[in-house]
Amino acid sequence: MLLSERGLSMLKQWVLHENTPEADAFAREIGVASLIGQILWHRGIRTHLEAQEFLHPEESAFYDPFRMEGMEAAAARIQYAVKHGEKIVVYGDYDVDGMTSTALLTKNLRALGGDVSYYIPNRFTEGYGLNLPAMQAIHADGCALLITVDCGISSLVPVQEMQGAMDIIITDHHLPGDMLPPALAVLDPHRADCSYPDKNLAGVGVAFKLCQALWQKHGKMDHPDDLDLVALGTISDLVPLTGENRKIAKLGLQHMSEHACTGIQALISIAGLDGKAIHTGQVSFQLAPRLNAAGRMDTALRGVELLMEKDMMRAVHLASEMNALNTERQELEQKILDEARDKIGDVTPYTPAIIVAGDDWNAGVIGIVASRLVDQYYRPSIVFTLHGDLYKGSCRSIAGLHMYEALSACHAYLIQFGGHEMAAGLSLRPDQLEPFSKAFSQYVRQHLSRMDFMPKVRIETLISPMDWTVDMVEQVSLMEPYGMGNPRPVFGWKNIRPRAAFAIGSEGKHLRMELGAAGHSVKGLYWNYGMLSEVVTEEYMDLAYTPSINEWNGVRSVQCMVESLRPAEGELIFPTREILKSLYRYLHGVQNHKGCIPYTPPILTRKYAHAVEHISLYTVTCAVQIFQELGILMRLPNHTGWQMRTMSGKAKLLDAPTYRWHQDIKGGVSYVE
């Protein structure tokens, strides 16, 4: 495994599902194509009822909201507040889940006749969750009932401090600690004493259940007609799209596509999605980032304002502001990411985790940067920024490491922390950064094996891209909506060599390939990998992809959206001493008078193969990594090539961690599937 050149050489382990006769029989039993039966079987769906609920979640009833512990007390107290004209404040969070939760509950409480306002803390000056100064100010303004959404489960101290001043209801979906806040009611399906059947609701999902309970008590309807809001928050928060979340997502996406609320419709328009059916991918990558930009760059209050706006002209103006903030966020994210990479330096196969700190990085963006670092290095990643006299950090994990449990094991170094299995936040004093980093890295070493650092891609079955028909692709769409817990089905094909390849898009950012023979080819698209156009036609690769339908001038055809490429087994050659010597001589010969080699690994691979002998991108990238670790090569700015350095004496290959790692595993780089 190698970590360099923005992950170009990162190998992915295929987890190939086995097609079984039982799955074929199951497909016949439930009346679907064999391929759909196999996919359902792979996902643990084994009965007719389970298949019906999965494929047609809209036909299943929502669970009774009063099965959630504390719901009866919460609903009764809210009813009392509405009836007696008490002032209610909804206290939210600054991400999309928090904004949609705030808008949903505020809107429905007002529809029920409540005197309701809302409050979201400022990410930069207050931070996440309940804080005592804000609660005191809210109480001083006449609030009798405070209701949290998407936060509060870990706020024991501020809730304790406000006891007797105003009543507090906590609604949250984060993991509780050993003790619950001493609130009037605590709604959280993760409570140890809560028997609610679905534990995977987002914060907006818990708020939805509260609204459902209130409307049922009111006798008007079973649940509120705001599933577009609920789906937006649910999909954005990356909770599993199974169970109740699947119904929320499917009905909510339909709602968004046909008659979204004014604020969401404005977001749809500004994203250029007018008239299109909205899917989870468009929510995750086009709508949510624009809304999230409000909380990351300015104030989330603007996001709630947009979601509750009824005037389209005003909504479009707000959505345009968020679009501009999102562009600013993207530029800032790239700047911080580049600075973080410079601070990180070399990452070797022995590096257990990425922990990096900056003094003035935007606290609203470091979470995205942590995700980008995971994408590049496939290591648990934590990015800190100095906030006052504390470092505040955002964490992202990889499969196999429960981030909340890891932080719990290192709690002695932390002031506070909270989160989930895959993401969390924390804060610590600057003098604790180094000891925490050592403790966290040691925890990772103890709980992950070397194979855990090789990302996995689940392959449903091996199907040639050329064998798909439009009808087959449409059948697979029965599995939608896709998301956490129900990923888009990925298929594989081995030893494929594209017939042609082109860098397309702005600055050649993306890759388009022609797969198959002339007259029977399929287009393949690989986003953000335009640089591979130099080399993909030169070697055999294994292709992991999802099929989709391309419509152009009224013609519908199959195309492949590439999930990943990896070297075929025959190209998976780790550089031997002889290969390293040959590459060294070649590099020495092509350097310019300043000792610079202005080639990226794909270009270097192609040029070496044409001048000397065939070589794979994997082999070249491993060799370049070894040369960098030995000090023979130094990267040029902007990843445009390398500077060759003169060495005194012979380099010892075992001084290079990448070479040593390969020797440690006795040449065991192979695909085990």
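The values are calculated or read from the model by the stated rules, or taken from the named source; none is laboratory data. Just so we're clear, the structure is a prediction, and the values are computed from it rather than from any experiment. Methodologically, a virtual Cβ is constructed for each residue, glycine included, from the backbone with ideal geometry; neighbour enumeration extends over all protein chains shown. Heads up: the accessible areas ignore ligands, DNA and RNA and are worked out on the full protein's heavy atoms, side chains in. Shrake-Rupley method; radii C 1.70, N 1.55, O 1.52, S 1.80 Å.
Need a quick list: strands (runs of 3 or more DSSP E) entirely within the stretch 384-481 having at least 2 residues that are under 30 Å from LYS494 (Cα atoms).
Passing ranges, in order: 456-459.
Summed over the stretch 364-402, the residues that are of a type in the set (A, V, I, L, M, F, W, C) and open to solvent by 30 Å² or more (accessible area, probe 1.4 Å) give a count of 4. The numbered conditions (1) in contact with a Phe, Trp or Tyr (Cβ under 8 Å, 6 or more places away or on another chain); (2) farther than 21 Å from PHE436 by Cα are all true for GLU328 except (1).
Take the residues in the stretch 587-596 that are assigned to a helix (DSSP H, G or I) and not β-branched (Val, Ile, Thr), then tell me which one is most open to solvent (accessible area, probe 1.4 Å). Taking the candidates together, the pick is HIS588. Of the conditions (1) under 22 Å from LEU11 (Cα atoms); (2) in contact with a Pro (Cβ under 6 Å, 6 or more places away or on another chain), ASN326 clears all except one; give me its number. It is condition (1) that ASN326 fails. Taking (1) in contact (Cβ under 8 Å) with a residue 40 or more places away in the chain; (2) surrounded by fewer than 18 Cβ atoms within 10 Å (Cβ to Cβ); (3) of a type in the set (Ser, Thr, Tyr) in turn, SER257 satisfies each apart from (1). ILE615 meets all of the listed conditions (1) touching a residue at least 24 places away in the same chain (Cβ under 8 Å); (2) not in a loop (DSSP other than H, G, I, E, B) but one, namely (2). Filtered by the rule that a residue be touching a Phe, Trp or Tyr at 6+ places or on another chain (Cβ under 7 Å) and outside any strand (DSSP E or B), the stretch 533-544 gives a lone residue, SER533. Number of residues in the stretch 545-586 that are under 33 Å from the mean Cα position of the chain (by Cα), part of a helix (DSSP H, G or I) and surrounded by fewer than 17 Cβ atoms within 10 Å (Cβ to Cβ): the value is 2.
Scanning the stretch 151-166 for residues that are outside any loop (DSSP other than H, G, I, E, B) and β-branched (Val, Ile, Thr), which turns out least open to solvent (accessible area, probe 1.4 Å)? Taking the candidates together, the pick is VAL159.
Within the group ALA213, ALA249, which residue is among the small types (Gly, Ala, Ser), out of contact with any His (no Cβ under 9 Å at 6 or more places or on another chain), over 22 Å from ARG488 (Cβ atoms) and open to solvent by less than 10 Å² (accessible area, probe 1.4 Å)? Just one listed residue meets the conditions, ALA213. When ARG660, ARG635 are checked against the criterion of being open to solvent by 60 Å² or more (accessible area, probe 1.4 Å) and touching a helix residue (DSSP H, G or I) at 6+ places or on another chain (Cβ under 6 Å), a single residue qualifies: ARG660. Of all residue pairs spaced 6 or more apart or on separate chains, those with beta-carbon atoms under 7 Å, a first member in the stretch 449-461 that is within 29 Å of PRO547 (Cβ to Cβ) and in contact (Cβ under 8 Å) with a residue 12 or more places away in the chain and a second member that is of a type in the set (Asp, Glu) and open to solvent by less than 100 Å² (accessible area, probe 1.4 Å) are VAL457/GLU563. Exactly one residue out of TYR128, TYR63, TYR118, TYR94 is in contact with a Cys (Cβ under 7 Å, 6 or more places away or on another chain), in contact (Cβ under 8 Å) with a residue 12 or more places away in the chain and of a type in the set (Phe, Trp, Tyr): that is TYR128.
In the stretch 1-26, the residues that are modelled with pLDDT of 90 or more form Cβ pairs under 6 Å with partners that are among the acidic types (Asp, Glu) and not in a helix (DSSP H, G or I), at six or more places apart or across chains, as follows: TRP14/GLU673; LEU16/GLU673; HIS17/GLU460.
Only one entry in THR600, THR546 is modelled with pLDDT of 95 or more, farther than 21 Å from TRP661 by Cα and touching an Asp or Glu at 6+ places or on another chain (Cβ under 8 Å), namely THR546. Selection over the stretch 127-145 of residues that are in contact with a helix residue (DSSP H, G or I) (Cβ under 6 Å, 6 or more places away or on another chain) and surrounded by fewer than 17 Cβ atoms within 10 Å (Cβ to Cβ) gives a count of 1.
For the stretch 64-83, a residue qualifies if it is open to solvent by 30 Å² or more (accessible area, probe 1.4 Å), touching a Leu at 6+ places or on another chain (Cβ under 9 Å) and more than 11 Å from ILE169 (Cα to Cα), and the qualifying residues are GLU69, GLN79, TYR80, VAL82.
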